[in-house]
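The values are calculated or read from the model by the stated rules, or taken from the named source; none is laboratory data. A quick note: this is a predicted structure, and the numbers were derived from the prediction, not measured. Glycine also receives a Cβ, built like all others from the backbone with ideal geometry; neighbour counts cover every protein chain displayed.
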Amino acid sequence: MKIAITSKGTDLDSEVDPRFGRAAYILIVDTTSLAIEVLDNSENVNAFKGAGIQTATMVSNKGAEALLTGFCGPNAFKTLNAAGVKVGNDVTGNIREAVNAFNEGKVSFSDAANVDGHW
Amino acid sequence: MIISIASGKGGTGKTTIATNLAISLESDIQILDCDVEEPNVHLFIKPKIDKTETAYTPIPEIDEEKCTFCKKCAEICRFKAIAVISKTVLTFPELCHSCGGCMAVCPEDAITETNRELGVVEEGRSGKIKFVHGLLRIGEAMSPPLIKKVKNYIKPDIINIIDAPPGTSCPVIAAMNNTDFVLMVTEPTPFGLHDLILGVEAVKLLNIPCGLVINRSDIGNKDVYDYAEKEELPILLEIPFDRKIAEAYSRGKMIVDEMPEWKEKFIGLYNNIENLVKKGKN
């Protein structure tokens, strides 16, 4: 299956970006083959408003079934939830470690945002 | 006549100037407190409120029966207040700026208007002074639409004094826009000057004539005066750092009531503004 992970870089050794909406990159990772599709998120990094909503829409359009990130706010969570994308918050380490944790069932999925909205 | 009183930096004395100016003039006058996040003119004017109006802003409501999920509404929204996720349309009312763009582009007429409550506008009177202010709903982040509702109460044939919020962002622009004169209240400190410059730059973009009041004029340094000279900004009033003024303020009293000699100075301030506005129109 395909999952989305927020990343500071473009490969498996990159660190997970704790931010969701304004993460540098979103990596769409195939959990079996570890094949990566890199999404440059620079447009949303500099978004005027609604970066989380926009990034969530992009993740959903790519067909990811789960998202691993550090912090996810209420608007992003609402969007991901509507899209049926499960949200794993508080994920740290590098991308490879995050995928392994996911495959081993060690990522817990939340039913709410884990940070407040901001303006 | 519509005069807006702004500052850049907060706490320079906007409300002190607005209220003392209003109370000093004999003419028919109205004071509008547009600092809707934290209005305080009423603490000094002590008006009797006789009308309260709840203010709303239009936001979109989607009819998913009619919607074909074409995403045109989501694409036009600069604030990402609409997201289309497969066969679901999500709206984020708190992000909506009520531009109506989504309704205009929807090919299916699937979007109608509903309302988000912004807060209330209260209207009243204190003696001869007419009074209006806005109170932003707790939790509401967007004050400009409420400020515009307060400004709907402007009466063009009398003197209107607008107490603007501090800063230079959208709420301040909403308060200053379409006024005849901006009176910038500052203090001669590095912080005062820094924020004054930002404020003056904003006023220039709006192309409104502007003058200064220097409060606590005997503290700090001369940099604000040098800046005013360089920018050809008239200094219309200077108020010294006087314990009696601070004490009056701390008790919710007016300078002109405690120290009647100030009344003439505030009348002079208005006359100066009136002359500058007339000159600008010629």
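Quick notes
- Residue satisfying all of: in segment B:62-87; within 13 Å of chain A (Cβ to nearest Cβ) and over 22 Å from A:ASN44 (Cα atoms); farthest from the chain's Cα centre (by Cα) among these: B:LYS87
- Condition check for B:ARG243: assigned by TED's automatic domain parsing to the domain that holds B:THR189 and surrounded by 15 or more Cβ atoms within 10 Å (Cβ to Cβ): no
- Set B:LEU193, B:LEU183: member being closer than 21 Å to B:VAL41 by Cβ and buried (at least 18 other Cβ atoms within 10 Å of the Cβ): B:LEU183
- Segment A:29-60, residues that are farther than 17 Å from A:ARG19 by Cβ, out of contact with any strand residue (DSSP E or B) (no Cβ under 6 Å at 6 or more places or on another chain) and surrounded by 18 or more Cβ atoms within 10 Å (Cβ to Cβ): none
- When segment A:39-54 is filtered for residues that are more than 10 Å from chain B (Cβ to nearest Cβ) and under 12 Å from the mean Cα position of the chain (by Cα), the ones remaining, listed by number, are A:LEU39, A:ASN41.
- Of the residues A:ALA83, A:ALA113, the single one that is crowded, with 17+ Cβ neighbours inside 10 Å and away from chain B (no Cβ under 11 Å) is A:ALA113.
- Those residues of segment B:1-36 which are under 17 Å from the mean Cα position of the chain (by Cα) and surrounded by fewer than 17 Cβ atoms within 10 Å (Cβ to Cβ), in sequence order: B:GLY10, B:GLY11
- Among the residues listed as A:GLU15, A:GLU104, the single one being surrounded by fewer than 17 Cβ atoms within 10 Å (Cβ to Cβ) and either closer than 20 Å to B:ILE85 by Cα or out of contact with any helix residue (DSSP H, G or I) (no Cβ under 9 Å at 6 or more places or on another chain) (or both): A:GLU104
- Subset of segment A:70-89 (residues that are assigned to a helix (DSSP H, G or I) and not basic (Lys, Arg)): A:PRO74, A:ASN75, A:ALA76, A:PHE77, A:THR79, A:LEU80, A:ASN81, A:ALA82
- When B:GLU247, B:GLU274, B:GLU258, B:GLU187 are checked against the criterion of being more than 25 Å from B:ASP157 (Cα to Cα) and under 22 Å from the mean Cα position of the chain (by Cα), B:GLU187 stands alone in meeting it.
- Segment A:61-79 - residue that is under 8 Å from A:ASN89 (Cα atoms) and surrounded by fewer than 24 Cβ atoms within 10 Å (Cβ to Cβ) and, of those, nearest to the other protein chains (Cβ to nearest Cβ): A:PHE71
- For B:LYS204: the one exception among (1) in the same structural domain as B:GLU231 (by TED's automatic domain parsing); (2) in contact with a strand residue (DSSP E or B) (Cβ under 6 Å, 6 or more places away or on another chain); (3) not polar (S, T, N, Q): (2)
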